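The structure appears below as structure tokens.
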Amino acid sequence: MAFIRNSGATKFVWLPVTTSTAFTKGALVTFTTGLLTAVTSSTAAADIVGVIRHTIASTDSDYATARLVEVEMPKERFTQWEADVSSGLVAADIGIEVDLTDSLNVNRGATSVKAFRTTRVLSTTKGIGFIKFMGSY
């Protein structure tokens, strides 16, 4: 239940995170008022910044502290990511742009935001594809 780089070059950048907010490693993130927050199903593809590299839990000593966190971003176009997908992923889904369920999952049944394009089916619930970071693959 996370986005994991499958192929392509990436880089790691340190960005400011919203304090007192939990994140799961591998979640897609966006900016809200200059701070990172988790992507939602309605986040525009142009606003997806990257993938958070570490889990942030309410039990962390710096949970309520303003700080920078490590975010993985594609360095080249067409970097591919492994993703968990709502059930029923089939070969006919390859090449179709679909939405996200949340910051950790792809929704193969919705096509309004078009943030993910499947390139390979691994199982009915897992696939590989392109994420539209900053509105482009």
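The values are calculated or read from the model by the stated rules, or taken from the named source; none is laboratory data. Given the structure is predicted, the values throughout are model-derived calculations rather than measurements. So basically every Cβ, Gly included, is an ideal-geometry build from the backbone, and we count neighbours across all protein chains shown.
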The condition of being in the same structural domain as Val49 (by TED's automatic domain parsing), within 18 Å of the chain's Cα centre (by Cα) and under 25 Å from Lys11 (Cβ atoms) holds, among Val69, Val106, only for Val69
Across (1) on the phi > 0 side of the Ramachandran plot; (2) surrounded by 18 or more Cβ atoms within 10 Å (Cβ to Cβ), Gly95 clears everything bar (2)
Next item on the list: Return yes when Phe78 is touching a residue at least 24 places away in the same chain (Cβ under 8 Å) and either surrounded by fewer than 22 Cβ atoms within 10 Å (Cβ to Cβ) or in the same structural domain as Thr37 (by TED's automatic domain parsing) (or both) and no when it is not.
Entry: yes
Within segment 83-102, residues of a type outside the set (Gly, Ala, Ser) and outside any loop (DSSP other than H, G, I, E, B) come out as Asp84, Val85, Asp93, Glu97, Val98, Asp99, Leu100
From the option list Leu68, Leu100, single residue qualifying as among the aliphatic types (A, V, I, L, M), closer than 14 Å to Gly129 by Cα and in contact (Cβ under 8 Å) with a residue 24 or more places away in the chain is Leu100
Considering residues that are under 16 Å from Ala2 (Cβ atoms) and either out of contact with any strand residue (DSSP E or B) (no Cβ under 7 Å at 6 or more places or on another chain) or assigned to a loop (DSSP other than H, G, I, E, B) (or both), the number found within segment 50-79 is 5
The correct count of residues that are surrounded by fewer than 18 Cβ atoms within 10 Å (Cβ to Cβ) and either under 15 Å from Ser136 (Cα atoms) or without any contact (Cβ under 8 Å) to a residue 12 or more places away in the chain (or both) in segment 50-62 is 4
Within segment 7-41, of all residues that are more than 13 Å from the chain's Cα centre (by Cα) and touching a residue at least 60 places away in the same chain (Cβ under 8 Å), the one surrounded by the fewest Cβ atoms within 10 Å (Cβ to Cβ) is Ala9
The number of residues in segment 107-119 that are part of a strand (DSSP E or B) and either loosely packed, with under 15 Cβ neighbours inside 10 Å or in contact with a Ser or Thr (Cβ under 7 Å, 6 or more places away or on another chain) (or both) is 1
